[in-house]
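Notes to accompany the following structure.
The values are calculated or read from the model by the stated rules, or taken from the named source; none is laboratory data. What you see is a predicted model, and the numbers here were worked out from it, not measured in a lab. Glycine also receives a Cβ, built like all others from the backbone with ideal geometry; neighbour counts cover every protein chain displayed. Note: accessible area is taken over every heavy atom of the protein model, side chains too, but ligands, DNA and RNA are not part of it. Shrake-Rupley method; radii C 1.70, N 1.55, O 1.52, S 1.80 Å.
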Amino acid sequence: MANTVVADSEIRMRLNSPSELEKLRKDILAKRDPTKLCVTICSGTGCHAYGSEEVYESFVSEIQKQGLQEKVDVRRSGCHGFCERGTVVVIFPEEICYLRVKPDDIPEIVATTLVEGKVVDRLLYEDEDGQRIVHEGDIPFYKHQSRTVFGNNRFIDPKNIEDYIALGGYSALAKVLTEMTPEAVLEEVKKANLRGRGGGGFPAGVKWETTRNAPGEIKYVIVNADEGDPGAYMDRSLLEGNPHSVLEGLIIGAYAIGSHQGFVYVRQEYPLAVENLDIALKQARDYGLLGSNILGSGFDFDVIVHQGAGAFVSGESSALMTAIEGRVGEPRPKYIRTAVSGIWERPSNLNNVETWATVPLIINKGADWFRSIGTEGSKGTKIFSLVGKVNNTGLVEVPMGMTLREIIYNIGGGIRDGRKFKAVQTGGPSGGVIPESLLDTPVDFDELGKVGSMMGSGGMIVMDDTTCMVDVARYFVDFLSGESCGKCVPCREGIHQMLKVLNRICAGEGREEDIELLEDIAEVVRASALCALGTTAPNPVLSTIRYFRDEYEAHIRDKKCPAGVCKALFHYEVDEELCRGYSDRGTS
């Protein structure tokens, strides 16, 4: 459980069979005492920003100073999800959770908790009734979640493959290679009805089958870790915190499809994810879990990491594949789907990080288990980035079908500063806003679409009554205008024209016909843009007009911003009598 990278000299042997993998797992567990104290420090990007590295070094130093090295392990783990309360420290096996830990707190934690077995009250979570909560799982933010895919982050040092193996890692791969044919794997994923978590919600098994059946011997499988939505970081945190879960899912998918080459397309702005992924790839190769003759099965597969240049449009499948080819990331017409003709015109299957990480769970626990979670059309759980004007922000994983109200109030703890909820925006910049009257909408692929929004990759931005909905639409359209690749006229010009109209309205120069003009342009863009970035770009405009038309009318007709956000619509008046009084006092 110690936080160390497994060095080459420590590798026992290359694993040549599933039985050797199982023996290694037993050996690892035999050397670990589940009752031994283990200080786990969240080391995701969010906690890094709060100084988690300094917290880790302080723990190591203080534990050595107190002579506790043999009694206490220290582990740097992936993101725990409660990002705004970082640095998060959890002490196992009791699961004592300390929040907002700083290096200066470490001597007290070591002396009080590790030596005396008591808790440091001031570092515990405090609920709205003033009650201190000791255990991580009892904190409301965590209590109402179902951390199926994301939960192992807190138990794993992402730089240590043996932490993953100890928890059953790569057992699904071993099962697939020894007990299942590629066709059987494919059928299990189809039966589970796993829908892609990247935004489109297309059934993963159907896509896999299309690529498998496409003509051509060379086929590719790809992890989409581009994740360009503002405020979204689910995939980053999974790839940082549990990279082997993603790799295991990718290898299983490659086996089912008949692919021997994979790619991970990851944002260049994710340096920690790239670092941990590179370490995971090397360790997987060293252990015989990646490369040639995996686990002695005769199956060969390896992975190349491709870092993107930060273009939002490269999250679109064909643009991403064009970028992997070494060209500008622009989408292309999908007369033939990328599953049939993708990278270098060869069959290419693309799924996002969360989708791939879900696959080993389905193989190990079965399609029926997966189907028991969620709604009729949307199975399993989904990770969301809950941000905005909500008390508890961070990453949350919930069963499909949980309502917006439950997520925002039970997990998120309600609206900050006691203000009134106004809307929640889901689906990233191409999603839509949902008003208070629809807070009981179940969150799944189909229900969000019915109310004018979308699942997207999982962004969820909560807004209170100080938010101007016209300005919200303007903000997202401005983002999309800058990120449009410009290849097709409807997207390039249509989004730009919508932005011009929205800027005009926010500047107090709106015209009576502007609302209808926005709706007309939006429909044209939606119907004729080349890729999904363009066809979904009108969503922020159409949804805000649909639910907050009165705010548009107030901006245009009354020259007022009801939320008091649009500065051009501020009106100042001088009280002459009051000013005269001050003037008289000044000259007396």
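Worth pointing out:
- Just one of (1) within 13 Å of Thr535 (Cα to Cα); (2) free of Cβ contacts under 8 Å to residues at least 24 places away in the same chain; (3) open to solvent by less than 70 Å² (accessible area, probe 1.4 Å) fails for Ser484. It is (2).
- With respect to the conditions (1) touching a helix residue (DSSP H, G or I) at 6+ places or on another chain (Cβ under 8 Å); (2) of a type in the set (D, E, K, R); (3) closer than 22 Å to Val396 by Cα; (4) surrounded by 15 or more Cβ atoms within 10 Å (Cβ to Cβ), Arg147 falls short on a single one, namely (1).
- Residue within region 467-477 that is at pLDDT 90 or above and in contact with a Lys or Arg (Cβ under 7 Å, 6 or more places away or on another chain) present: yes
- Boolean, Val462 is touching a residue at least 60 places away in the same chain (Cβ under 8 Å), touching a His at 6+ places or on another chain (Cβ under 6 Å) and either in a helix (DSSP H, G or I) or closer than 28 Å to Lys389 by Cα (or both): no
- Test: residue in region 84-98 that is open to solvent by 20 Å² or more (accessible area, probe 1.4 Å), within 24 Å of the chain's Cα centre (by Cα) and modelled with pLDDT under 95: yes
- Index of the failed condition, Phe479 passing every other in (1) farther than 30 Å from Met402 by Cβ; (2) under 30 Å from the mean Cα position of the chain (by Cα): (1)
- Residues that are in contact (Cβ under 8 Å) with a residue 24 or more places away in the chain, part of a loop (DSSP other than H, G, I, E, B), open to solvent by 10 Å² or more (accessible area, probe 1.4 Å) and of a type outside the set (Val, Ile, Thr) are absent from region 239-248 altogether.
- Qualifying position, being in contact with a Gly (Cβ under 9 Å, 6 or more places away or on another chain) and buried (at least 18 other Cβ atoms within 10 Å of the Cβ), among Glu188, Glu128, Glu209, Glu136: Glu188
- Residue count for region 277-296, restricted to those that are open to solvent by 30 Å² or more (accessible area, probe 1.4 Å) and small (Gly, Ala, Ser): 2
- Entry remark, region 253-276: residues being touching a Phe, Trp or Tyr at 6+ places or on another chain (Cβ under 9 Å), in a helix (DSSP H, G or I) and open to solvent by less than 30 Å² (accessible area, probe 1.4 Å) number 4 in total.
Let's see how each residue does on (1) at pLDDT 80 or above; (2) open to solvent by less than 50 Å² (accessible area, probe 1.4 Å); (3) farther than 13 Å from Cys468 by Cβ:
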| site | (1), (2), (3) |
| --- | --- |
| Ala554 | yes, yes, no |
| Lys560 | yes, no, no |
| Gly564 | yes, yes, no |
| Lys567 | yes, no, no |
| His571 | no, no, yes |
| Val574 | no, no, yes |
| Leu578 | no, no, yes |
| Ser583 | no, no, yes |
| Thr587 | no, no, yes |
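- Checked against (1) in a loop (DSSP other than H, G, I, E, B); (2) free of Cβ contacts under 8 Å to residues at least 24 places away in the same chain, Lys282 meets all criteria but (1).
- Considering (1) in contact with a strand residue (DSSP E or B) (Cβ under 6 Å, 6 or more places away or on another chain); (2) over 30 Å from Pro399 (Cα atoms); (3) exposed (fewer than 15 other Cβ atoms within 10 Å of the Cβ); (4) not basic (Lys, Arg), the lone condition that Val74 does not fulfil carries the number (3).
Okay, residues lined up against (1) of a type outside the set (D, E, K, R); (2) open to solvent by 20 Å² or more (accessible area, probe 1.4 Å); (3) within 27 Å of Ile411 (Cα to Cα); (4) at pLDDT 95 or above:
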site: Thr4; (1), (2), (3), (4): yes, yes, no, no
site: Arg12; (1), (2), (3), (4): no, yes, no, no
site: Arg32; (1), (2), (3), (4): no, yes, no, no
site: Thr35; (1), (2), (3), (4): yes, yes, no, no
site: Thr40; (1), (2), (3), (4): yes, no, yes, yes
site: Ser43; (1), (2), (3), (4): yes, no, yes, no
site: Ser52; (1), (2), (3), (4): yes, no, yes, no
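- Qualifying residues in region 326-349 (those that are surrounded by 20 or more Cβ atoms within 10 Å (Cβ to Cβ) and among the β-branched types (Val, Ile, Thr)) - the one modelled with the lowest pLDDT: Thr338
- Some residue of region 402-415 being hydroxyl-bearing (Ser, Thr, Tyr), assigned to a helix (DSSP H, G or I) and open to solvent by 10 Å² or more (accessible area, probe 1.4 Å): yes
- Of everything listed in (1) touching a residue at least 40 places away in the same chain (Cβ under 8 Å); (2) surrounded by fewer than 23 Cβ atoms within 10 Å (Cβ to Cβ); (3) in a helix (DSSP H, G or I), the single unmet condition for Trp369 is (1).
- Residues in region 304-354 that are of a type in the set (Asp, Glu) and closer than 17 Å to Arg267 by Cβ: 2 in all.
- Every test in (1) open to solvent by less than 20 Å² (accessible area, probe 1.4 Å); (2) without any contact (Cβ under 8 Å) to a residue 60 or more places away in the chain; (3) farther than 22 Å from Cys485 by Cα is passed by Ala323 save one, and that test is (3).
- Residue match in region 73-85 (condition: touching a Cys at 6+ places or on another chain (Cβ under 8 Å), part of a helix (DSSP H, G or I), closer than 30 Å to Ala357 by Cα and hydroxyl-bearing (Ser, Thr, Tyr)): no
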